[in-house]
Each structure stands twice: as structure tokens, then as C-alpha cells.
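Just below is one structure, and these are the notes that go with it.
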Amino acid sequence: MTDLNPLSSLSSALADIVTRTAPSVVSVHSHRSRATGFVWKPGLIVTADEPLADEGEVRIGLPDGSTAAATIAGRDHTTDIALLRADTAIAPISLPTTVPALGTLSIVVATDRDAPSAALGMVSASGKGWRSLRGGDIDARIELDVRLRFGQQGGLALDASGQPFGMAVLGPRRVLVIPTATIERVATQLETRGRIARGYLGLGLQPVRLDDGVGAMVMSVDKTGPSAAAGIRQGDVIVAVSGQKLSGVRALSRTLGPSSIGSVVDVAVHRGGDPVSFKVTIGERPEA
């Protein structure tokens, strides 16, 4: 007999989505921390970077209750994406590059204390791409009206049809979703390089107050870096970049994303009270 109760039908449909998705979702254990991850490619697991410890071993909890050792293939603090390698036969989940509309029902499939978990909410914000406070390029602004525990970060956010549209993480006072387009772009680079290329000026900077705003005093110069090649010296005070007044050292750092590498910027400085300008070709930050 067909159930004509719409709420019952919706409940069954949501439960079916969770049942289909849960086998690709794992728990992630690192030093005194837990998170959630999902299988992106065979043997490769995407998880949230924020709850992943900086040191110590990493293990993943599999849907059948067993655990397996994992290694960090790469991580990117700026987009909150980390990639793990683990010997597992779990089938990966497909990530279509879609952005949900405002008001879309959302299910976050994650783990909580090593057990599968699910949370139902709504897309409370859906907009254009943005840049994180750490300088990461996020392809779309997606926020969820849903409660999320710390260990559920890294869980999959799906729409009511069961299509994943990103990874749920905790942001300032709200739950954010790292879109699938960002995950595909960043995880691909982490798989091949272990890191995300960042722009590099080769300068150690200290913020200073000026009569007409904020500047950045050059405290150190990498002798082999792009700024040294352009002629910038220790003691110079940067006041503008490409015609834009400097608003702070962090703001300058956030402009040095992957797309900045190879671009030429005009750097205006004060040297001994005199204005001087330099053309600097942004390099790639060397590996630490």
C-alpha cells in the first residue's frame, strides 16, 4: 500500500540518502582530536584541516567498525581541506560541482564518536566565491542552518536528492560548506604536490602606523627572493601595492594566492622619507 503521508515519504527519502552515503564516510582520529572524512578517490580521503592534529599518527574508523592507519598526503589551511592516504577498499563518492539554491534542504552525513550521524538543515546563504581569512579561494559562499559538533567537521553536505555539494566545517558563529568545486581543485593539487602553491614576496614584514594610514616595515629580505631582485631593502616601508593603499600585513598576505604567482605588482615604499616604487614579479613560496 502506498504511503500518501508527505512527511513520512520525505522521512523515508532522507533516510535512504543517509543509508546510501554513510558507507563512504569515515571517522578520522589524530592526536586528541576527531573529525569526519569521506573517500574522494580509491585510497584517498578528504577531511577538514582544522581538527586534524599537526603531529602524531592518524587513523581512520571504517564503517564496519575496523580501523586503518592513514598518512597525510597534503593539507591546505587556507581552504580547510586535508587529504589522507589509507589502504581501504571503500568506494569513493562522486562530487558534482553544483551550488545549492538558498533555502535548499540539506543533510550532513558525518560521524560522531565513531558512529554514523546525520543532521538536517537548510541552506541559509548561497552566494558568490569568497576569500577566507587565511587567504584561501572558496568557489561559493554556502552556509547551513544546522547544528554541527566539532568531530562532525569534514562530513558531506547533500541536497534532498542525495547529491553532495560540499564539506561541512565550523566557521565563525555558523556552519560553512567548502564547495565540491573547491574540494576537487585543492585535493587534486594536494594529491600531486602535497601542498598548494602560494605567492611569495620574500619579505619579513612588521606593521607600522603612518600619519596617513598603515604601512609594513621590511624587517628581513630573502636575498634570493623576488623583492630583493627588484631592489627592496631592509628598512623600507611598504605603503601601497598596485596603487592600493596597504590596509595591513595580513591583508597583503591574503592577496598572495595561487593565481598571483608570476604577476607583476607595483610596490610603493618610503625609503628614508622619500617615495620609491618597485616592480616585483611574485614568485612561488618555497617549501618549508
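What the table shows:
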| read-out | value |
| --- | --- |
| Qualifying residue in the stretch 152-159 (condition: in contact with a helix residue (DSSP H, G or I) (Cβ under 8 Å, 6 or more places away or on another chain), crowded, with 16+ Cβ neighbours inside 10 Å, of a type outside the set (D, E, K, R) and under 25 Å from Ser27 (Cβ atoms)) | yes |
| Total residues in the stretch 200-213, condition surrounded by fewer than 22 Cβ atoms within 10 Å (Cβ to Cβ) and either within 14 Å of the chain's Cα centre (by Cα) or assigned to a strand (DSSP E or B) (or both) | 9 |
| Per-region count, the stretch 214-233, residues of a type in the set (A, V, I, L, M, F, W, C), within 30 Å of the chain's Cα centre (by Cα) and under 19 Å from Lys245 (Cα atoms) | 4 |
| Residue match in the stretch 24-38 (condition: outside any strand (DSSP E or B), at pLDDT 95 or above and polar (S, T, N, Q)) | yes |
| Selected residue [of a type outside the set (Val, Ile, Thr), within 27 Å of Pro258 (Cα to Cα) and surrounded by fewer than 21 Cβ atoms within 10 Å (Cβ to Cβ)] from Leu7, Leu44, Leu105, Leu95 | Leu44 |
| Test: residue in the stretch 61-76 that is within 21 Å of Arg149 (Cα to Cα) and among the polar types (S, T, N, Q) | no |
| Enumeration of residues in the stretch 279-288 that are out of contact with any Lys or Arg (no Cβ under 8 Å at 6 or more places or on another chain), farther than 14 Å from Arg233 by Cα and surrounded by 10 or more Cβ atoms within 10 Å (Cβ to Cβ) | Thr281, Ile282, Gly283, Pro286 |
| Output for the stretch 75-92, where each listed residue is touching an Asp or Glu at 6+ places or on another chain (Cβ under 8 Å), at negative phi and of a type outside the set (Val, Ile, Thr) | Arg75, Asp76, His77, Ala82, Leu83 |
| Whichever residue in the stretch 44-55 is in a loop (DSSP other than H, G, I, E, B) and in contact with a strand residue (DSSP E or B) (Cβ under 6 Å, 6 or more places away or on another chain) and, among such residues, is modelled with the lowest pLDDT | Ala53 |
| Test: residue in the stretch 115-126 that is touching a residue at least 12 places away in the same chain (Cβ under 8 Å) and part of a loop (DSSP other than H, G, I, E, B) | no |
| Test result for Gly65, surrounded by fewer than 20 Cβ atoms within 10 Å (Cβ to Cβ) and either out of contact with any strand residue (DSSP E or B) (no Cβ under 6 Å at 6 or more places or on another chain) or in contact (Cβ under 8 Å) with a residue 60 or more places away in the chain (or both) | yes |
| Single match in Leu176, Leu144, Leu133 (criterion: hydrophobic (A, V, I, L, M, F, W, C), surrounded by fewer than 15 Cβ atoms within 10 Å (Cβ to Cβ) and either more than 19 Å from the chain's Cα centre (by Cα) or not in a helix (DSSP H, G or I) (or both)) | Leu133 |
| Lone qualifier among Val276, Val249, Val218 - being among the hydrophobic types (A, V, I, L, M, F, W, C), surrounded by 13 or more Cβ atoms within 10 Å (Cβ to Cβ) and under 23 Å from Thr78 (Cβ atoms) | Val249 |
| Some residue of the stretch 238-251 being on the phi < 0 side of the Ramachandran plot and under 20 Å from the mean Cα position of the chain (by Cα) | yes |
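The values are calculated or read from the model by the stated rules, or taken from the named source; none is laboratory data. What you see is a predicted model; the values in this text were computed from it and never measured. Glycine gets a Cβ as well: all are built from the backbone with ideal geometry, and neighbour counts include every protein chain shown.
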